[in-house]
Amino acid sequence: ETGVTQTPRHLVMGMTNKKSLKCEQHLGHNAMYWYKQSAKKPLELMFVYNFKEQTENNSVPSRFSPECPNSSHLFLHLHTLQPEDSALYLCASSQEWLQNTGELFFGEGSRLTVL
Amino acid sequence: DAKTTQPNSMESNEEEPVHLPCNHSTISGTDYIHWYRQLPSQGPEYVIHGLTSNVNNRMASLAIAEDRKSSTLILHRATLRDAAVYYCILNDGNEKLTFGTGTRLTIIP
């Protein structure tokens, strides 16, 4: 238990569906992150939120839409996805955004399959 | 981004020490060296970090070369639970934390 909870753990969706991934952290952190992990590829940073403000968008396609209503919750809204978007989506949090000594706490991930 | 180079895979026997190397020849003076590991079917977890001096914690030790161009993560007594992908990452506090492909560690019973 890392203090970062992701739901659902597994999701299968069609290319025309709209779904959302949810992340919740119980650590009192101020920064939250979405990472994508595709098979055989390194983790890719997608979005960073610091104090609920988006501070990083790593050239992510608009079919991925993040939302951070408060410092404890982070969503990733998905629509019109492609099969190549199938991956493990990881949420992480840290006390503040990328301090040198900052430690990232990851959730267990949401395994997404797009048919 | 400052880059790191790690071997793709390593094997070690259970209950023996493991030394996982990382090269970071372009490291700058403000870069911290972080290590994370990712167990099967889980998200990455923090292991240890350091700047110049060697560091110890309950999970591992981090040995940093004097010129800081390389470092070694030391697991003192490997168990089967230590089988994971280990990532060596540089963090200057101003850039996104960039994960490479890491070293896949296999523990042989």
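The values are calculated or read from the model by the stated rules, or taken from the named source; none is laboratory data. None of the values given here were measured: they were computed from a predicted structure. Neighbour counts are summed over all protein chains in view; Cβ atoms, including those assigned to glycine, are modelled from backbone coordinates with ideal geometry. Surface areas here come from the heavy atoms of the whole protein model, side chains and all, with no ligands, DNA or RNA. Shrake-Rupley method; radii C 1.70, N 1.55, O 1.52, S 1.80 Å.
Just a few scattered comments:
- Counting only strands (runs of 3 or more DSSP E) that sit completely within the range B:32-109, those holding 1 or more residues that are charged (D, E, K, R) correspond to B:32-38, B:45-50, B:103-108.
- Test set (1) more than 9 Å from every other protein chain (Cβ to nearest Cβ); (2) assigned to a strand (DSSP E or B); (3) not aromatic (Phe, Trp, Tyr) - residue A:92 fails condition number: (1)
- Residues that are within 14 Å of chain B (Cβ to nearest Cβ), farther than 18 Å from residue A:69 by Cα and either crowded, with 17+ Cβ neighbours inside 10 Å or hydroxyl-bearing (Ser, Thr, Tyr) (or both) within the range A:1-33 comprise just one, A:2.
- Count of residues meeting criterion [of a type in the set (D, E, K, R) and surrounded by fewer than 16 Cβ atoms within 10 Å (Cβ to Cβ)] in the range A:34-51: 2
- Looking only at residues in the range A:57-68 that are open to solvent by 60 Å² or more (accessible area, probe 1.4 Å) and in a strand (DSSP E or B), the one that is nearest to the other protein chains (Cβ to nearest Cβ) is A:57.
- Across the range B:42-68, the qualifying residues are those that are surrounded by fewer than 13 Cβ atoms within 10 Å (Cβ to Cβ) and charged (D, E, K, R), and the one among them that is farthest from residue B:30 (Cα to Cα) is B:58.
- Test: residue in the range A:94-113 that is hydroxyl-bearing (Ser, Thr, Tyr), open to solvent by less than 10 Å² (accessible area, probe 1.4 Å) and more than 20 Å from residue B:91 (Cα to Cα): yes
- Within the range A:37-56, the set of residues being within 12 Å of the chain's Cα centre (by Cα) and within 11 Å of another protein chain (Cβ to nearest Cβ) comprises A:37, A:43, A:44, A:45, A:46, A:47, A:48.
- Of everything in the range B:14-31 that is assigned to a strand (DSSP E or B) and either acidic (Asp, Glu) or open to solvent by 10 Å² or more (accessible area, probe 1.4 Å) (or both), the residue that is farthest from residue B:83 (Cα to Cα) is B:23.
- Number of the condition not met by residue A:79 [criteria: (1) of a type outside the set (Val, Ile, Thr); (2) within 14 Å of another protein chain (Cβ to nearest Cβ); (3) surrounded by fewer than 18 Cβ atoms within 10 Å (Cβ to Cβ); (4) within 17 Å of residue A:111 (Cα to Cα)]: (2)
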